[in-house]
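These notes concern the structure reproduced below.
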Amino acid sequence: MNTSGKWRNITVIVLIVLGCLVATVSVAMIWLNQVVLDTDKYVATVAPLSEDPAIKDAVADAVTDELFRRSQADQLAREALPEKADFLVGPIIGATEGFVYEQVHKLLDSAEFSRVWQEANQNGHKVVTQVLLGEKGAVNAREVRISLDLSGLFKIVKARLAEKGVTIFENITLENTGAQLTIFEYENITSIQKAVSLLNHLAFWLPLIALALWGAAVWFSPSRMTALFRIGLGLAAGMVLLLVGVGVCRGYYLDAISSSKTIDVPAATSFFDIIIGSLKGAIRQEFAIGLVVAAIGFTFSPYPAAVTLRSAVRAFYREAVDAGEKIDLGPTGTWITRQKSGLRIGGIVLALVILMSMDQPSLSRAFLVAMILALYLGVLEFISRKAA
């Protein structure tokens, strides 16, 4: 290989690597921009947590503790009992607290809690964006604590307890009760805020930069299909690294909050996992895209294995055509030939309708529909040629 060819290959490899790195970062930044920093997407993502057992336990604990703190139930019990019966205060309060906790927990199984939960997260999302972007009005960046205000539950809880004959909480103020569920706690987040703010502004441009780098790599490469194969593998490898990085960050964060006295670790874990779950879904989708691109590039590349594969496919096609020549399609084949255009359009429209009707479209489902459509169009073409 001459010097110019060597440098050309090095340039192509550098362009591919840079493109894959930029694409890997862009996946995380697009997720951050479109899910974490978007109120509607954020609330929709965390809405299922209203059914999570760890969240329900944490909310029930927070609401029950706040009710007894504000009502000063122990003092009321002491005033109601004779002085010699002070020893009964503990058991009475314990039994009452257990009953209240049970009633609150039952309330959390209702649709009312789902509504309150979504409202609390919608209100809390403003703090989330302020903290991550370091906006004016954000909480102290040296020690960040994000909590959900559970005040919306108190009116419902008080009414439910009153129905059960528990009236000691009637005088509690409903607004700004102070009951909070802490979902995030971190120290010295300033550096993270700067990085998130910068990359959030680049979220639109990063995918375009990656495509430009890959396009340049394909253009300069002596074998464009080989470059495409390497791009696909690089993208898939980048997604694997990103997934590993997400796992490492999860472990690091959970270790950091394990000794916290203000955060409910199981609830915070559920919250962290459902938010990160949407990122993992995006990573898996990009990983699949990388494999598809690599498969296409390899199939049409000059690699000996790819050449052998193409030869085998051509031989199989010739044998299929020879076998098809012996088939008599009769009037059916003639009708299909005449209606080929309409049948082709109908197949494409049906495939599009199927894709649009999917509740949760994914790359794998779209690929399956595309493969079935390609097979259908291929059969139509074969029958029309045979009939002709």
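The values are calculated or read from the model by the stated rules, or taken from the named source; none is laboratory data. What you see is a predicted model, and the numbers here were worked out from it, not measured in a lab. Note: ideal-geometry Cβ built from the backbone for every residue, glycine included; neighbour counts use all protein chains shown. Quick note on the areas: whole protein, heavy atoms, side chains included, nothing else; ligands and nucleic acids left out. Shrake-Rupley method; radii C 1.70, N 1.55, O 1.52, S 1.80 Å.
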Rounded to the nearest 10 Å², the 1.4 Å probe accessible area of S147 is 40 Å²
Counting only protein heavy atoms and leaving out ligands, DNA and RNA, the solvent-accessible surface of T332 at a 1.4 Å probe, in Å² to the nearest 10, equals 90 Å²
Simple spin-label estimate for E112/I10, 7 Å along Cα→Cβ, in nm, reads 7.2 nm
Once amide hydrogens are built 1.01 Å from N within the peptide plane, the residues lying 5 or more places from S147 or on another chain with amide H under 5 Å from its amide H are I183
In order over the range 272-278: 3J(HN,Hα) from phi, Karplus 6.51/-1.76/1.60, θ = phi - 60°, whole Hz, x for each Gly or Pro, gives 4, 5, 6, 5, 5, x, 5
SASA check, W205, accessible area w/ 1.4 Å probe, all protein chains in place, rounded to nearest 10 Å², comes out at 150 Å²
